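Below: the structure, in structure tokens.
Just so it is clear, none of the values below were taken in a lab; they were calculated from the coordinates. All values derive from a computational prediction rather than experimental measurement. Reconstructed Cβ throughout: ideal geometry from the backbone, glycine too, with neighbour counts over all protein chains shown.
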Amino acid sequence: MLKTLKYIFATILVIGLVMTSAFFTLLLYLKITDQEFLIGSNPDDMRQSVAILTENKDDYNESDNVDQKKEKLESAFIDAPVVLQLPELYNGCEIATLTMMFNFYGIDKSKMDLLPELKQDPTPIEYNKDGSIRYWGNPNLGFVGDITGKKKGYGIYHTALFELLIKYIPTGIDFTGKDFDELEQQVSDGFPVLVWTTVSYTKPSEKQWMVWDSPLGPIRTTFQEHTVLLVGYDNDHVFINDPRKNQKGIKVDKKQFIESWEALGKQALSYRVD
């Protein structure tokens, strides 16, 4: 009888030790995983606690992965190179300005290297009896006319030029239609912007506009069209590299420049770095 009692006691002791060990092992695991062991909690309380833990975890991961937008500086300036369109490319302001951007990025190409890759709209020019243009190419399809100036030429718009930009800089971005503040943010972050404006950086007069028919339908435009590289700004001015002028950071009144940019359809190209 005594032997039986000793056996029962020993069995109970072993079971108790096993359960105690399991309990402390569970506590240790919960401590390591930073969870709570809610003794006496009902199922609803448990679900609520799990939900809170999950919510906090998601918040933490989300804040870790947010790409914080840099605060825009009150003024900024980028020391980008100047590339002149002349003497080879009388009408080549766009390809020369794109070359400035490429050279700043680190791409060792000249405007003449890039010229064969520039998209063209070969539509021949046709005139009305009064000498005005009746039918010609569309700059949204490619460069219109003769870029060298030996014959009549016009230019190229953002849609067609963007193809060449992303060929060399896959992270290129078309900022056309965005607010000018976003262009300034680009410069603030260290990225120059190719901008469509006019040769005088002012809004064209009504008599400087014209309309001709094209493969995409009628297009209203002006021979005052020009492109420059936006490299800086402050409260009242922008600073540009103009492919017609061998000078860095030409200072221009911001209000009049924005008006000229808006008149040309708010066209702009730039890029970001992954």
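Brief remarks on what is shown
- Gyration tensor verdict on region 156-274 (Cα atoms; rounded if a/c is under 1.5, prolate if a/b is larger than b/c, oblate otherwise): oblate
- Residues whose amide H lies under 5 Å from that of Ile173, counting only those 5 or more places away or on a different chain, are Ser270, Tyr271, Arg272; hydrogens are built 1.01 Å from N in the peptide plane.
- Semi-axis lengths (Å, descending) of the ellipsoid that matches the C-alpha gyration tensor of region 93-182: 27, 16, 10
- A simple count of charges around Gly153, restricted to other residues whose Cβ falls under 14 Å of its Cβ and scoring Lys, Arg +1 and Asp, Glu -1, yields -2.
- Neighbourhood net charge (13 Å Cβ-Cβ; Lys/Arg +1, Asp/Glu -1) for Asn140: -3
- Neighbour counting of Cβ atoms within 10 Å sorts the residues Glu94, Glu206, fewest neighbours leading, into Glu206, Glu94.
- For Tyr154, the residues whose amide H sits under 5 Å from its own are Val144, Gly145, Asp146, ignoring neighbours fewer than 5 places away on the same chain, with H placed 1.01 Å from N.
- Amide proton proximity set for Trp209, modelled H, under 5 Å, gap of 5+: none
- Around Tyr201: net Lys/Arg minus Asp/Glu count, Cβ-Cβ under 13 Å: +1
- Extent of region 205-274 along its three principal axes (Cα atoms, max minus min coordinate, largest first): 39, 36, 24 Å.
- Rounded, prolate or oblate (a/c below 1.5 giving rounded, otherwise prolate when a/b exceeds b/c) for region 192-231 by Cα gyration tensor: oblate
- For region 76-271, the Kirkwood radius over C-alpha pairs fed into Stokes-Einstein at 20 °C and 1.002 mPa s yields D = 128 µm² per second.
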